[in-house]
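Here the structure comes first, spelled out in structure tokens, and everything after it is commentary.
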Amino acid sequence: MLFLALLIAAVLPESGARAGVLSTASRTNPVGRAGQLAPPTAGALAAFEPEPTFTLVPLNSATPLPSATPSPVPTMPPTLPPPDMPSPPPTATTLAVLPTPIGIYSETVRVPILMYHYVSEPPEDADKYRVDLSVSPENFYAQMQYLAEQGYTPINLDDLSLAVTARQALPDKPVILTFDDGYVDHYEYVFPILESFGFKGTFFIITGFVDDGNPSYMSWPMIHELAAAGHRMESHTRTHPDLSEATYEQAVEEILGSQQILEAHTGVRPRYLCYPGGRYDEETIAILEALDYWGAVTTGGGTWHGFDNRYEWLRVRIRYTTTLPIFADFLESFP
């Protein structure tokens, strides 16, 4: 992984720490910061071995990282247009590069991105944090029923990217449903409830926990089933570290590793990251840009999104104490 970090570091600009939610902690770059990074030695090349659970993309320090074309898992055979009809316009799932604004200006759109963690009753010995991160299955069902009855349409982060760059039309009441960490209750409760309403969600997966077979988290067969049903699997790193405190090498391994593992399992390259604990810094964002991530979500509150803040899209946290009237108010008036 050190070899991989050296290659990525060669294309990333130096950047300072951000204010506010961003950590001011400096990173440790094992090869130094001064001047241009030296290319890897023959010894480093000979010693490098990729992780056995996924295949690393061979890189060249003088060449930017290539962009792969996502290949969504179809649920039915595609219908080809008649020979005399033009092909439909490209969507985010057919593009190989980051959607960029058409013309001088990009759009700023209001789309509530709802943030869920556990969807299950907290255990009796749960601390206040576990309780706060939970939503009961009954309340979750009522919230999804409210969305359906009030005419809300769940979209995904690709749709948001195209709305702010290409002015792609959104439904009258768009909403994005995100689920952090990949808990097993996402398969037990979230999956069937979403399917009952015809909704699709975005799940941020901690791939190392899945690889380790942690019973509190979804297994790869469960994730395969969700992906095959049209739900999106996006990156939440490999081990859920504080990226603002990670070394440069560790951050690259966490972000690239999870991206490649998920692509190997689902056939779709993740284009969005959820920052573990909502913590990141300018160098984290530079790594995302170099790895061709299209955006990232934070734990900060808000509903307005644009191209310039695509690596800091805000969300609306749904808590154990979020009643249905509060939920409705979030959708309609959360700033």
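The values are calculated or read from the model by the stated rules, or taken from the named source; none is laboratory data. Please read all numbers here as calculations on a predicted model, not as lab measurements. Positions of Cβ are backbone-derived with ideal geometry, glycine not excepted, and every protein chain shown enters the neighbour counts.
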Count of the range 140-166 residues which are touching a strand residue (DSSP E or B) at 6+ places or on another chain (Cβ under 8 Å) and small (Gly, Ala, Ser): 2
Candidate set: the range 150-159, residues that are assigned to a loop (DSSP other than H, G, I, E, B) and out of contact with any helix residue (DSSP H, G or I) (no Cβ under 9 Å at 6 or more places or on another chain); chosen: the one surrounded by the fewest Cβ atoms within 10 Å (Cβ to Cβ): Gly151
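Could you list all residues from the range 114-141 that are loosely packed, with under 15 Cβ neighbours inside 10 Å and touching a helix residue (DSSP H, G or I) at 6+ places or on another chain (Cβ under 9 Å)?
Pro123
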Residue in the range 132-144 that is of a type in the set (Phe, Trp, Tyr), more than 24 Å from Ile326 (Cα to Cα) and out of contact with any Cys (no Cβ under 6 Å at 6 or more places or on another chain) present: no
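In contact (Cβ under 8 Å) with a residue 12 or more places away in the chain, under 17 Å from Asp181 (Cβ atoms), assigned to a loop (DSSP other than H, G, I, E, B) and in contact with a His (Cβ under 6 Å, 6 or more places away or on another chain) - does that describe any residue in the range 128-136?
yes
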Test: residue in the range 315-329 that is under 12 Å from the mean Cα position of the chain (by Cα), outside any loop (DSSP other than H, G, I, E, B) and under 28 Å from Ala228 (Cα atoms): no
Verdict on Leu114 being at pLDDT 95 or above, under 25 Å from His305 (Cβ atoms) and part of a loop (DSSP other than H, G, I, E, B): no
Which listed residue, of Leu147, Leu177, Leu162, is assigned to a helix (DSSP H, G or I), under 17 Å from Leu114 (Cα atoms), in contact (Cβ under 8 Å) with a residue 40 or more places away in the chain and not small (Gly, Ala, Ser): Leu147
Members of the range 196-207 found to be farther than 17 Å from Arg271 by Cβ and either under 21 Å from the mean Cα position of the chain (by Cα) or surrounded by 21 or more Cβ atoms within 10 Å (Cβ to Cβ) (or both), listed by number: Phe199, Ile206
